[in-house]
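For reference, the structure discussed in these notes is given below.
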Amino acid sequence: MSFTPFKLLNMQGKAKVLHMSWIAFFISFVIWFNHASLLVLIQQDLGISETEVDILLLLNVALTIPARVITGMLVDRFGAKISYSVLLAVCSIPCFMFASAENFAELAWSRFLLGFIGAGFVVGVRIIGDWFPASQVGTAEGIYAGWGNFGSAFAAIFLPGLAFYFGAEHGWRSAIALTGGIALVYSVVYYFSVENFPPEIAALKTRRPAAMEVTSIRDLFLYMLSLAPLYATMSLLAWKLSTAETMILSSGCTAIVHSVVWLLFLIHCYQLVNSNADRLSQPIASIHHYRYKQVFILAIAIW
């Protein structure tokens, strides 16, 4: 990999990957928070209550935690190029659903699904880490994250004006649908504009791990423990949506959701054990040893 300084305004090589990726992240944040500054208009149009508004805000981030885990696994399997393109294209669908919603239930389900767009952060970090050397990756990821996060501020600043431009009564629908259309178009642009790895290392990246590898039995159990809050969050959300205040889910549906969530947790744990069994059954060279608690501490800091 080249260690020469990169020209920020260049649209070739790793600089191009950086710019195409932060734009994708920017669009994902615009979509993720495209409703926040329009809630007053949405509330007036559909007559939803303050409690229902609070629920929409909760649902907007509920799926992001497991989505980042799932997306990270997909990136390992299929690469960042396909993963980001598919993420933008797929998430445009609930964006259109939200724009055409006629009641709170439709708003809630589409907003819940839109939480998946928050996983775009994971994809960009991976592709930039593969394209940039250690001496430059911090700067590159700072640019990526900074401009990407600005998407939420951009949505708050410009979407209300755009909604009034389209028409005060239903303009919020057109403004939100437009962001979905932009994501759909850019998913195609991104796919044909970037590659997963620089040419000099592309041939070396052939192995596709099924899960993170650990170096001790203790770390394997700590890994499984660190996953529990992700699934507990989904269970907690299901309970919240079944309370008397919301009643989006019936008691029967809630029981099914709890069962599915914790079944997925057990499947995930089985995959971790299966992926690490052969590795842990024999001595591991000291050079490959690391402590999973470092990852665990980082995860707690992010939470």
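The values are calculated or read from the model by the stated rules, or taken from the named source; none is laboratory data. What you are looking at is a predicted structure, and each value in this text was computed from that prediction instead of being measured. When we count neighbours, we look across all protein chains shown, and the Cβ atoms used for this are built from the backbone with ideal geometry, even at glycine. The accessibility values were calculated without ligands, DNA or RNA, using every heavy atom of the protein model including side chains. Shrake-Rupley method; radii C 1.70, N 1.55, O 1.52, S 1.80 Å.
Taking Cα pairs under 8 Å and at least six residues apart, what relative contact order does region 1-138 come out at, in percent? Provide the component values of the computation, followed by the final result.
Details: 131 pairs, mean separation 52.4, N = 138.
Reported as a whole number, the value is 38 percent.
Each Lys and Arg Cβ is given +1 and each Asp and Glu Cβ -1; about its Cα centre, region 37-186 then shows a dipole of about 520 debye. Dipole magnitude for the chain: computed about the Cα centre from +1 point charges on Lys and Arg Cβ and -1 point charges on Asp and Glu Cβ, it is near 1040 debye.
When a/c is below 1.5 the answer is rounded, else prolate if a/b is larger than b/c, else oblate, so apply that to region 66-161 with a ≥ b ≥ c taken from the square roots of the Cα gyration tensor eigenvalues. Please report the intermediate quantities before stating the final value.
Numbers: a/c = 3.11, a/b = 1.59, b/c = 1.95.
In terms of gyration-tensor shape, oblate.
Mean residue ellipticity, 222 nm, helices only, the chain: the sum of -39500 (n - 2.57) across DSSP H runs of n ≥ 4, divided by residue count and rounded to 500, is -24500 deg cm²/dmol.
Between ILE70 and PHE192, 0.36 nm times their residue separation minus their Cα-Cα distance comes to what? Could you put the intermediate results ahead of the total?
Details: separation 122, 0.36 × 122 = 43.92 nm, distance 2.36 nm.
Taking 0.36 nm per residue and subtracting the Cα distance, the gain is 41.6 nm.
Work out which trypsin sites (Lys or Arg not before Pro) in the chain are exposed loop sites (DSSP not H, G, I, E or B, at most 12 other Cβ within 10 Å) and give the longest gap free of them. It runs 8-204. Convex hull volume of the Cα atoms of region 226-272, normalised per residue: 48 Å³.
For the pair ALA153 and LEU266, a Förster radius of 35 Å applied to the C-beta separation gives a FRET efficiency near 0.30, rounded to the nearest 0.05. Taking 7 Å steps out from each Cα toward its Cβ at HIS258 and VAL86 produces label points 3.3 nm apart. Compute the label zone of ASN274 within region 32-71: residues whose backbone N is under 20 Å from the point 7 Å along Cα-to-Cβ. Backbone N within reach: 69-71. Simple rule: put +1 on each Lys or Arg Cβ and -1 on each Asp or Glu Cβ in the chain, find the dipole, and look at GLN12, VAL75, ALA89; the Cα lying farthest toward the positive end is GLN12.
Share of the chain's accessible area from carbon and sulfur, percent, 1.4 Å?
Numbers: 10710 of 15670 Å².
Answer for the chain is 68 percent, counting heavy atoms of protein chains only.
Each of SER187, LEU39, SER275 was scored by the projection of its Cα onto the charge dipole of the chain, and the greatest displacement toward the positive side belongs to SER275; charges sit on the C-beta of Lys, Arg, Asp and Glu. Along the axis of the charge dipole computed for the chain (Cβ charges of +1 for Lys and Arg, -1 for Asp and Glu, origin at the Cα centre), the listed residues LEU57, LEU220, ALA177 are led at the positive end by LEU220.
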